[in-house]
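Chemist: Structure in C-alpha cells, see below.
The values are calculated or read from the model by the stated rules, or taken from the named source; none is laboratory data. All figures in this text were calculated on a predicted structure; none of them were measured in a lab. Counting neighbours? That spans all protein chains shown, and the Cβs are built from the backbone with ideal geometry, glycine included.
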Amino acid sequence: MRTMLALLLAVVAGMLLPSPDSCAQSPTNAPSDSGLVMYYFHRTGRCQGCLEIERLTRKTADEFKEEYPLDLFTLEVKNLDEPENERFADDFKVTFNTVVIASRKDGVVAGWTNLNDRVWNLYSDEGSFVDCIKEELRKRQPDQPE
C-alpha cells in the first residue's frame, strides 16, 4: 500500500512540476507583448550539426540580451515533433532544424525571417554564425520607446 501511494504521489508531482526543457527554453523571465523572439526549431532526432546550431543559438541569445532590453527579447527552443509545437511548422514554413527570428507588435507576429540556409552554412564558424544572427536580430528590432 505504501509503495502504491508513493508511486501515485510521484506521478502527480511529475505532472505538476515544469519539465526541465520548459524551464531552459528562454533566457528571460517575462516576455513583453512587443519585441523579438528567436526560435530554434528542431526534431527529436538530431545530429552533431543540429546540436551545434542550438549551442550557438543559445550563445548568441546570451550575448544579444546584454545589448537589448531583457523584457523585449526571448529565445524559445521548440521540438517540432511534439504535438503542441506542430503549428510553428505551418506558421513559419519550417520543415527542418532552423533558427527563425520573429518580431512582435502588441502580441502579434509582425514579421519573421527563417535563417535555415545561413545557420547550416555557418555553424562550423562560430564567429560568423553569431555575427550573422545578431545582424538579423538588429534588423528585426522594433522601434523602442525613448
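Chemist: Based on what the data block shows, is residue 118 loosely packed, with under 15 Cβ neighbours inside 10 Å and either free of Cβ contacts under 8 Å to residues at least 40 places away in the same chain or touching a Leu at 6+ places or on another chain (Cβ under 6 Å) (or both)?
Modeler: So residue 118 fails the test.
Chemist: Hey, another quick one. Which residue, of 129, 88, is surrounded by 13 or more Cβ atoms within 10 Å (Cβ to Cβ), under 14 Å from the mean Cα position of the chain (by Cα) and either at pLDDT 95 or above or not acidic (Asp, Glu) (or both)?
Modeler: The unique qualifying residue is 88.
Chemist: Go through (1) free of Cβ contacts under 8 Å to residues at least 12 places away in the same chain; (2) over 16 Å from residue 54 (Cβ atoms); (3) among the hydrophobic types (A, V, I, L, M, F, W, C) one by one and return the number of the condition residue 137 breaks.
Modeler: (1)
Yes or no, residue by residue, for (1) crowded, with 20+ Cβ neighbours inside 10 Å; (2) among the small types (Gly, Ala, Ser); (3) within 22 Å of residue 141 (Cβ to Cβ); (4) at pLDDT 90 or above:
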residue: 44; (1), (2), (3), (4): no, no, no, yes
residue: 53; (1), (2), (3), (4): yes, no, no, yes
residue: 58; (1), (2), (3), (4): no, no, yes, yes
residue: 66; (1), (2), (3), (4): no, no, yes, no
residue: 71; (1), (2), (3), (4): no, no, yes, no
residue: 96; (1), (2), (3), (4): no, no, no, no
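Chemist: Please tell me if residue 58 is in a helix (DSSP H, G or I), within 13 Å of the chain's Cα centre (by Cα) and under 26 Å from residue 34 (Cβ atoms).
Modeler: Judged against the criteria, residue 58 is a match.
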